[in-house]
Amino acid sequence: MAIEWATNGTPGERRPELSRGTTQSGVRLYNERLILSLVRLHGRLPKAEMARLTGLSAQTVSVIVRQLEADGLLKRRTPQRGKVGQPLVPFELDPDGAFSIGLKVGRRSGDLMLLDLAGNVRHTIHRPYNFPSPGELIAFVTSGVDELVSTLGVRQRERISGLGIAAPFELWNWAEDVGAPPDVLTAWKDFDLQAELAQLFGWPIHFCNDASAACAAELLFGLGRDLPDFAYFYLGYFIGGGIVLNGSLYLGKHGNAGALASFPVTSADGRSQQLVHSTSLAALERDILREGGDPEFLWRDPGEWRGAGQALERWLSRAALEVATAAAGAMAVLDCSAVVIDGAVPLAVRSRFTRAVQDALHGVDRQGLADFPVLEGTIGADARALGAASLPLFDNFIINRNVLFKEKT
């Protein structure tokens, strides 16, 4: 599964395309990434299968695998005996071959994650807050990264490939909606988080929109292994979205493709409004406050939502209908294989919400549209941090554009 997205620089900016062999070193770099991408996709492969799937000669594959093994990026497993001939030795990604750190910046909480080359989450840190000032966030990242790095050995620390950030574009535009003080709003408008972290750490710093990062996590580690394309909704403090087409995350010219939060829907009183205003968890928070409750459990206890009461029931009913409407609209344009719903919500709430959207679709006029499944996502609250942590690994080791492999039979 390949992925294309913004990695370093301004949102939507693409880095120069990976060399396709204009020099001898370029050929080697591209082919090494080709093999690593293939092994990641299939999990474990012998050299003969790598050669068959890529079209490279057996000798070329042997040289590449030998080098990747020497570099600590691939490791061999127990030989598998076939019916005839020598046993086949499968290779897989070495988890200790590289590490990366992911930072999720949310409106109500921040997360840090340590990820290894094989996609295993080694350690996570969750920090709830009301709304962070830039200084508070930098303090959290500084202490949190120290904690993550302390879990690694000396040689492992030398293999940290970078830090990825998943954050909303123009965070200050939403500060007033979450009750942030005016001075905090102004501070974020003039604050370059990517540049500040680049000064603190000696690694490359990458940036991605938070909802796009969550969608990427589903593509790379979840349902994306089996779905070539899908429309993605993520339930966060503000609902977000993403689009996967032909096995790649599609960002669009300005990095805003899949901005499903901006989808126009009709409110209960007949007004036109965007999906974000009534479907996000911010709306549920307002409903709980209106009834005299304390909504802090939404952010401080993501595992369980005890005490939500009727506010949750009303939000589920209203939000499911509006997401179903937006899903039908997205499918009218994209004709994807499925709609996927995930979020920073308890598993039971995610399941109920997915079923509610499935039921609400029966009341949406979909004449002329093919039927499509609404599927429950698989990553959950960690999706944005996981997507962010993937950025450095894919930038350094994996081909980040569609690559045509021969089909495995």
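Using a 1.4 angstrom probe on heavy atoms only, work out the carbon and sulfur share of the accessible area of region 263-340 in %. List each step's numbers first, then the result.
Numbers: 1850 of 3630 Å².
Carbon and sulfur atoms account for 51 percent of the accessible area of region 263-340.
Describe numerically, in nm with one decimal, the distance between label points set 7 Å from Cα along Cα→Cβ at residue 286 and at residue 186.
So the two model labels end up 2.7 nm from each other.
Distances longer than 20 Å among the Cα atoms of region 56-123: what percent of all pairs is that?
Numbers: 1153 of 2278 pairs.
Within region 56-123, distances greater than 20 Å cover 51 percent of Cα pairs.
Of the listed peptides 96-104, 367-375, what is their order by residue-averaged count of other C-beta atoms within 10 Å, with the highest listed first?
Working: 96-104: 25.9, 367-375: 12.4.
Output ranking for 96-104, 367-375: 96-104, 367-375.
Can you tell me the relative contact order of region 132-252? Whole percent, Cα pairs under 8 Å, sequence separation 6 or more.
Values: 123 pairs, mean separation 26.3, N = 121.
Relative contact order, region 132-252: 22 percent.
Rounded to the nearest 500, what is the chain's calculated 222 nm mean residue ellipticity when only DSSP H runs of at least 4 contribute -39500 (n - 2.57) each, over all residues? Mind dumping the intermediate values first?
Details: 14 runs with 163 residues, N = 409.
The helix contribution divided over the chain gives -12500 deg cm²/dmol.
Any chance you could list P(r) for region 177-300, counting all Cα-Cα pairs in 5 angstrom bins from zero, rounded to whole %?
2, 9, 14, 14, 18, 18, 14, 8, 3, 1, 0
Just want to confirm a number: the relative contact order over the chain, from Cα pairs under 8 angstrom separated by 6+ residues, in percent.
On the way: 773 pairs, mean separation 82.7, N = 409.
Answer for the chain is 20 percent.
Going Cα to Cα from residue 189, which aspartates and glutamates come in below 12 Å? Please leave out same-chain ones fewer than 8 positions away.
Cα-Cα hits under 12 Å: 170.
Considering only protein heavy atoms and a 1.4 Å probe, what is the carbon-and-sulfur percentage of the accessible area of region 71-138?
Numbers: 1380 of 2980 Å².
Reported share for carbon and sulfur atoms: 46 percent.
Along the Cα→Cβ direction, 7 angstrom out, place labels at residue 130 and residue 355. What is the inter-label distance in nm?
3.8
Under a 1.4 angstrom probe, counting protein chains only, how are 192, 365 ranked by accessible area, largest first? The partial results should precede the final answer.
Values: 192 85, 365 130 Å².
So, going from the largest accessible area down, we get 365, 192.
Once each part is reduced to its C-alpha centroid, what is the distance from region 37-93 to region 191-247 in angstrom?
Cα centroid of region 37-93 versus Cα centroid of region 191-247: 30 Å apart.
Run through the DSSP bridge list for the chain and note the antiparallel percent, rounded to the nearest 5. Could the numbers behind the result be given before it?
Working: 31 of 49 bridges.
If I count the DSSP bridges inside the chain, around 65 percent turn out antiparallel.
Can you give me the accessible area per residue for region 256-384, using a 1.4 Å probe, in Å²? Kindly include the intermediate steps, with their values, before the conclusion.
Working: 6060 Å² over 129 residues.
In whole numbers, region 256-384 has 47 Å² accessible per residue.
Helix 210-221 sits at what angle to the longest principal axis of the chain, using alpha carbons and giving 0 to 90 degrees rounded to 10?
That helix lies at roughly 40 degrees to the long axis.
Dividing the convex hull volume of the alpha carbon atoms of region 99-200 by its residue count, what do you get in Å³ per residue? Let's see the in-between values first.
On the way: hull volume 9.7 nm³, N = 102.
Normalising the Cα hull of region 99-200 by residue number yields 95 Å³.
Hey, got the dipole for the chain? About the Cα centre, +1 on K and R Cβ, -1 on D and E Cβ, debye to the nearest 20? Before the final figure, lay out the partial values.
Details: 41 positive and 46 negative charges, 367 e Å.
Roughly 1760 debye for the chain.
Return the distance in nm (one decimal) between the two label points of a simple spin-label model at residue 155 and residue 347, each offset 7 Å from Cα along Cα→Cβ.
Spacing of the two 7 Å Cα→Cβ label points: 3.6 nm.
Using the alpha-carbon centroid of each, what span in Å lies between region 290-365 and region 124-145?
28
Semi-axes of the equivalent ellipsoid for the chain, please: Cα gyration tensor eigenvalues, times 5, square-rooted, ordered largest first, whole Å.
Numbers: eigenvalues 295, 135, 70 Å².
That gives 38, 26, 19 Å for the three semi-axes.
Rounded to two decimal places and with Rh computed the Kirkwood way over Cα pairs, what is Rg over Rh for region 284-332?
Values: Rg = 13.3 Å, Rh = 12.0 Å.
That ratio is 1.11, to two decimals.
Over all distinct alpha-carbon pairs, what is the Kirkwood Rh of region 209-281 in angstrom? Before the final figure, lay out each step's value.
Numbers: mean 1/r = 0.0785 Å⁻¹.
Answer for region 209-281: a Kirkwood hydrodynamic radius of 12.7 Å.
Report the rotationally averaged projected area of region 271-371 based on its alpha-carbon convex hull, in square nanometres. Before the final figure, lay out each step's value.
Working: hull surface 28.1 nm².
Here the figure is 7.0 nm², rounded to one decimal.
What percent does the relative contact order of region 269-324 come to when contacts are Cα pairs within less than 8 Å and at least six residues apart?
Values: 29 pairs, mean separation 25.8, N = 56.
Relative contact order for region 269-324 comes out at 46 percent.
Among 249, 320, 362, which residue has its Cα furthest toward the positive end of the charge dipole of the chain, with +1 on Lys/Arg Cβ and -1 on Asp/Glu Cβ?
Going by the charge dipole, the pick is 249.
Suppose all protein chains stay in the model; what accessible area per residue would a 1.4 Å probe give for region 102-223, in Å²? Could the numbers behind the result be given before it?
Working: 4940 Å² over 122 residues.
On a per-residue basis, 41 Å².
The values are calculated or read from the model by the stated rules, or taken from the named source; none is laboratory data. No experiment lies behind these values; they were computed from the predicted model shown. Positions of Cβ are backbone-derived with ideal geometry, glycine not excepted, and every protein chain shown enters the neighbour counts. All accessible areas refer to the heavy atoms of the entire protein, side chains included, with ligands and DNA or RNA removed. Shrake-Rupley method; radii C 1.70, N 1.55, O 1.52, S 1.80 Å.
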